[in-house]
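Contents: one structure, followed by commentary.
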Amino acid sequence: MGHKSTLPGPTREPLGWPFFGPEHRAFAERLDRFAASGALAGVDHSDTDGACRALVRILGEAGLLAAATGNGGRDVIDSRMICIARETLAWHDGLADFAFAMQGLGTGAIGLSGTQAVKDHVLPKVTSGEWISAFALSEKEAGSDVAAMACAARREGDHFILDGEKTWISNGGIADVYTVFARTGEAPGTRGISAFVVYADDPGFSIAERIDVIAPHPLATIRFENCRIPADRLLGAPGEGFKIAMRTLDIFRASVAAAALGFARRALDEAVLHAKTRKMLGATLADLQLTQGALGDMAAGIDAAALLTYRAAWRRDVEKLNTTKEAAMAKMTATETAQSVIDRAVQMFGGRGVAVGEITEQLYREIRALRIYEGATEVQKLIIARELLKETR
């Protein structure tokens, strides 16, 4: 959060659950050592772009971005590793979590479907923190409804020409490489979308607008005007873009739930510490039954969300099964639970809870965005219901 705490970090009790192996516990210990080193403490959050660049570089130098990119494309991405990283980083610093996640999301499609030459050119630079990546899917009229996409690409010889705009693009304005989805028209709706790799210095690419939001991070509308890119930067086959996008999001959607868990655990930890030390009515806040009831609800909700989150990641990693429904359940439950937990923590802190710069105030702004991006709660409900109806015989 860019705010020092006397607390050491998130609990590691869940690592005793059967979802995890020794390699996950070792990775968590590595993350804890990294956080304890103070590497995150010196980052100036008043300059959001500069802070994001610094965090990507720090995470890359520490070797932690390898978990987000599948070791630079050499290994299969482990969803549980990503979730552990995001829960840990979110507990310590929301922008650090964002920086880590976007390096994976921005290059996930490249690792899945890029040519070997593109993988070799992009993934090592992103893994080391030298380059920043972005995932460009959303448009003003095509957020949850991807089929309404208007940004288009047409083939001209050995090149594709891109025209149109993308908006709400995380890392827009500071990214070096963008995974871009555009309509190529092989078929109606989502079957006529393709995926491309675009570099920030490609002619015809520009930043149309920077966007400020309540939890500051680099965000922009990007524009393509006769943007010519080599045909070998097509990811997969023409018309496979939607499928590639969904495969990428399925890898990372459970990790959004993990980030929410990190925020929620931080709020609970701060609330417990505050309740035990805050004097009230001749006792402490923790002695009051209303406080104890709130803490009980917060703790139970967090563990329920954690079980859903790591079930989804385990199902993908170990059982190699589709996790569309499970990831949607995890994302919906964890973000809504975290909103409730953080709201209760703010209430427990009273006036101090809403003071600018306090951890609870920062958490309150951070969690609100998670209930929207990578599929709002309402969209997750639709996904769950549709998968359920497909399964029902």
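Values quoted throughout were computed directly from the atomic coordinates according to the rules given, and no laboratory measurement underlies them. On a predicted model such as this, the values are computed, not experimentally measured, just so you know. No Cβ is skipped: glycine too gets one built from the backbone with ideal geometry, and neighbour counts run over all protein chains shown.
Can you list residues from other chains, or at least 5 along the same chain, whose modelled amide H is less than 5 Å from the amide H of residue 160?
The list, which skips near neighbours in sequence, is 229, 231.
Just want the ordering: 383, 244, 193, from fewest to most Cβ atoms lying within 10 Å of their own Cβ.
Sorted ascending by nearby Cβ count, the order is 383, 244, 193.
Mean separation of Cα pairs under 8 Å and 6+ residues apart, divided by the residue count of the chain: what relative contact order is that in percent? Mind dumping the intermediate values first?
Working: 744 pairs, mean separation 60.8, N = 393.
Worked out over the chain, it gives 15 percent.
If one computes the Cα centroid of segment 244-273 and of segment 175-214, what distance in Å separates the two points?
26
Please say if segment 13-128 is rounded, prolate or oblate, where rounded means a/c under 1.5 for a ≥ b ≥ c the square roots of the C-alpha gyration tensor eigenvalues, and otherwise the choice is prolate for a/b larger than b/c and oblate otherwise?
Oblate.
Using Cβ contacts closer than 10 Å as the measure, can you line up 273, 105 from fewest to most? Don't skip to the answer; put the middle values down first.
Numbers: 273 14, 105 26.
In increasing order of surrounding Cβ atoms, one gets 273, 105.
Using the charge dipole of the chain (Lys, Arg: +1 at Cβ; Asp, Glu: -1 at Cβ; taken about the Cα centre), state which of 334, 99, 31 has its Cα farthest towards the positive end.
334
Angle between the Cα long axis of helix 94-113 and the longest principal axis of the chain, 0 to 90 degrees, nearest 10?
So the helix axis and the longest Cα principal axis differ by about 30 degrees.
With 10 angstrom as the radius, rank 146, 341 by how many other C-beta atoms surround their C-beta, starting from the fewest. Mind dumping the intermediate values first?
Details: 146 18, 341 29.
Least crowded to most crowded, the residues run 146, 341.
Quick check on segment 107-176: take the gyration tensor over C-alpha atoms, sort the square-rooted eigenvalues as a ≥ b ≥ c, and tell me if it's rounded (a/c under 1.5), prolate or oblate. Don't jump to the answer; show the numbers that get you there.
Numbers: a/c = 2.10, a/b = 1.33, b/c = 1.57.
Because a/c hits 1.5 or more and a/b fails to exceed b/c, segment 107-176 counts as oblate.
To the nearest 0.05, what FRET efficiency results for residue 155 and residue 356 with a Förster distance of 45 Å applied to their C-beta separation? Provide the component values of the computation, followed by the final result.
Details: r = 51 Å, r/R0 = 1.14.
Efficiency for this residue pair is about 0.30.
If R0 is 56 Å, what FRET efficiency do you get for residue 279 and residue 201 from their C-beta distance, rounded to 0.05? Before the final figure, lay out each step's value.
On the way: r = 59 Å, r/R0 = 1.05.
Plugging the Cβ-Cβ distance into 1/(1 + (r/R0)^6) gives 0.40.
Mind checking the dipole of the chain: about its Cα centre, +1 per Lys or Arg Cβ, -1 per Asp or Glu Cβ, Debye to the nearest 20? Walk me through the intermediate numbers first.
Values: 45 positive and 49 negative charges, 159 e Å.
Dipole of the chain, to the nearest 20 debye: 760 debye.
Which value in deg cm²/dmol, rounded to the nearest 500, describes the helix-derived mean residue ellipticity at 222 nm for the chain, given -39,500 (n - 2.57) per DSSP H run of n ≥ 4 and division by the residue count?
On the way: 11 runs with 203 residues, N = 393.
Mean residue ellipticity at 222 nm (helix-derived): -17500 deg cm²/dmol.
For residue 75 and residue 187, calculate 0.36 nm times their separation in residues minus their Cα-Cα distance, and state this gained length in nm to one decimal.
Details: separation 112, 0.36 × 112 = 40.32 nm, distance 3.31 nm.
Working it through step by step, the gained length comes to 37.0 nm.
Can you pull the one-decimal nm distance between simple spin-label points at residue 389 and residue 372, each 7 Å off the Cα toward Cβ?
2.7
Once a ≥ b ≥ c are taken as the square roots of the eigenvalues of the Cα gyration tensor of the chain, is the result rounded (a/c under 1.5), prolate (a/b larger than b/c) or oblate (a/b not larger than b/c)? Mind showing how you got there, number by number?
On the way: a/c = 1.84, a/b = 1.67, b/c = 1.11.
Note, shape of the chain comes out prolate.
In whole Å, how far is the Cα centre of segment 99-141 from that of segment 330-393?
What the calculation gives is 26 Å, centre to centre.
Please work out how much length the chain gains when fully extended from residue 237 to residue 303, using 0.36 nm per residue of separation minus the C-alpha to C-alpha distance, in nm with one decimal. Present the calculation step by step, with values, prior to reporting the outcome.
On the way: separation 66, 0.36 × 66 = 23.76 nm, distance 4.16 nm.
Taking 0.36 nm per residue and subtracting the Cα distance, the gain is 19.6 nm.
So in segment 133-238, what percent of DSSP beta bridges are antiparallel if you round to the nearest 5? Working shown, then result.
Details: 29 of 34 bridges.
Given both bridge residues lie in segment 133-238, the antiparallel proportion sits at roughly 85 percent.
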